Structures are given as C-alpha cells and as structure tokens.
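What follows draws every value from the coordinates through simple rules; no lab data is involved. Owing to the predicted nature of the structure, the values given are computational and were not obtained by experimental measurement. Because the Cβ atoms are built from the backbone with ideal geometry, glycine has one as well, and the counts that use them run over all protein chains shown.
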Amino acid sequence: MCFGSKFVCPDALIAAHDIGALGYYGNRRILDLAGLISPEVVPFIRDEIQLSDYLDQQGADYLVVFPDWYATLPSGKPVVYQTGGAVSTQLGGMNMTVYQWIVE
C-alpha cells in the first residue's frame, strides 16, 4: 500500500460507483459499487453498511465516489483528492472525491 503518497500504488484496490474512464484507462483492480463488473454487490447495492463490510472484506484501499451519492459510506474517511471541476457543482452536485479506505 502507498497511503500518504502523492500517487496511488499500481496494485491498490479501488472501489468506485462510476467506473467509466477509471475502468477503461486506469489499468487498476476495481470493485464496482454499481455491480457491472462486481455483480455480487447487486443484492446490497444501496445498503451502505453491507457495502462497507464488503469493501473491508475485499481489502479496498480507496473509495472513489461523488460524496452526495452515499449518506454514510465515505464518512470519516480521509480525502486523498477531490476534483475541482465546475460543471458538477453548477448542476447542484458535488465533485468526485477519492477517499483512503481505512478499516475501522
């Protein structure tokens, strides 16, 4: 693991709801919180307690989400990076945020 590093380790496991370009270009191991490439999450896709347990069990290193998509999942997790784009906020949303996933 490379926590505290400016760059994410190549072997880090990244949990994301919107895998898009991350999945296509990132060449990373991904836990897909929407269930497209991780269909095992579909039965509990909106249960944040079960999602949290799943990320712990799978050994996630990072969580990449829009903070307002989940009420509690990113709570208390250190922010590693947040985009500074204007479009999302102009449309009433929040910017994509990368959190360090720490097992509590």
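Through the Karplus equation 6.51 cos²θ - 1.76 cosθ + 1.60, θ set to phi - 60°, convert the phi angles of segment 91-99 into ³J(HN,Hα) values in whole Hz; use x for Gly and Pro.
Values, residue by residue: 8, x, x, 10, 7, 4, 10, 9, 10 Hz.
Can you pull out the trypsin sites (Lys or Arg not before Pro) in segment 20-104 that DSSP calls coil and that have at most 16 other Cβ atoms within 10 Å? Mind showing how you got there, number by number?
Numbers: sites: Arg28, Arg29, Arg46; in loops: Arg28, Arg46.
Of the trypsin sites (Lys or Arg not before Pro), the ones in loops of segment 20-104 whose Cβ has at most 16 other Cβ atoms within 10 Å are Arg46.
Amide H to amide H, which residues 5 or more places from Val80 or on other chains are under 5 Å from it, using H placed in the peptide plane?
Val98, Tyr99, Gln100
Given +1 on the Cβ of Lys and Arg, -1 on the Cβ of Asp and Glu, and no further charges, what dipole in debye does the chain carry about its Cα centre, rounded to the nearest 20?
Working: 5 positive and 11 negative charges, 76 e Å.
The dipole magnitude comes to about 360 debye.
Search the structure for amide H atoms under 5 Å from the amide H of Arg29, placed 1.01 Å from N in the peptide plane, and list their residues when 5 or more places away or on another chain.
Placed amide hydrogens put Ile14 under 5 Å from Arg29.
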